[in-house]
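This report concerns only the one structure given below.
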Amino acid sequence: ASFVSGIIYNCNRTADCGCSRSNANVYKIVGGEDSYPLSWGWAVSLQLNCYDNITNVHDIAVLLLNESLPISNEMNTARICLPRLETSDRNVTYPVNSASLVSIGWGLLKSDAPEIASDQHLQQVTVASVSVDDPRC
């Protein structure tokens, strides 16, 4: 089946980071779905083609801004919170295996799609984390 029961990711609107203007509602597993507008305020679309389209080598960008980027609900932007692991124990796994994670981004919606549509909406999909020792990695 393509659908599972929906998950609504709520957040603490008074927190300094990790909360966008809208809650994220994720329903579809296989193939992903359009995200709800303004639910992932830290995601930015760069309309660039600076990598190898066949191998996707160098499919990353680092930006140096000339001025600060305004972060606020009024600007439809949000800060992301990144976890801080303070342990020297190499046996600690984060995220734990089989944790439910949401992956977001723009990209091909089908393996045989010729290119990314210029009007494509941000996509989201729920996935399960796997161990770094998993043979599929």
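Overview of values
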quantity: Pairs, first in contact (Cβ under 8 Å) with a residue 12 or more places away in the chain and open to solvent by 50 Å² or more (accessible area, probe 1.4 Å) in the range 7-20, second among the small types (Gly, Ala, Ser) and not in a loop (DSSP other than H, G, I, E, B), C-beta under 9 Å, six or more apart; calculated: Ile7/Ala24; Ile7/Ser100; Ile8/Ala24; Tyr9/Ala24; Asn10/Ala24
quantity: Residue match in the range 51-71 (condition: at pLDDT 85 or above, open to solvent by less than 90 Å² (accessible area, probe 1.4 Å) and assigned to a loop (DSSP other than H, G, I, E, B)); calculated: yes
quantity: Yes/no for Tyr36 being modelled with pLDDT of 70 or more, open to solvent by 90 Å² or more (accessible area, probe 1.4 Å) and under 26 Å from Arg136 (Cα atoms); calculated: no
quantity: Failed item, numbered, when Ser98 is tested on (1) modelled with pLDDT under 75; (2) under 21 Å from Ala128 (Cα atoms); calculated: (1)
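The values are calculated or read from the model by the stated rules, or taken from the named source; none is laboratory data. What you see is a predicted model; the values in this text were computed from it and never measured. As a convention, Cβ positions derive from the backbone with ideal geometry for all residues, glycine included, and neighbour counts pool all protein chains shown. Heavy atoms of the whole protein, side chains included, go into the accessibility calculation; ligands, DNA and RNA do not. Shrake-Rupley method; radii C 1.70, N 1.55, O 1.52, S 1.80 Å.
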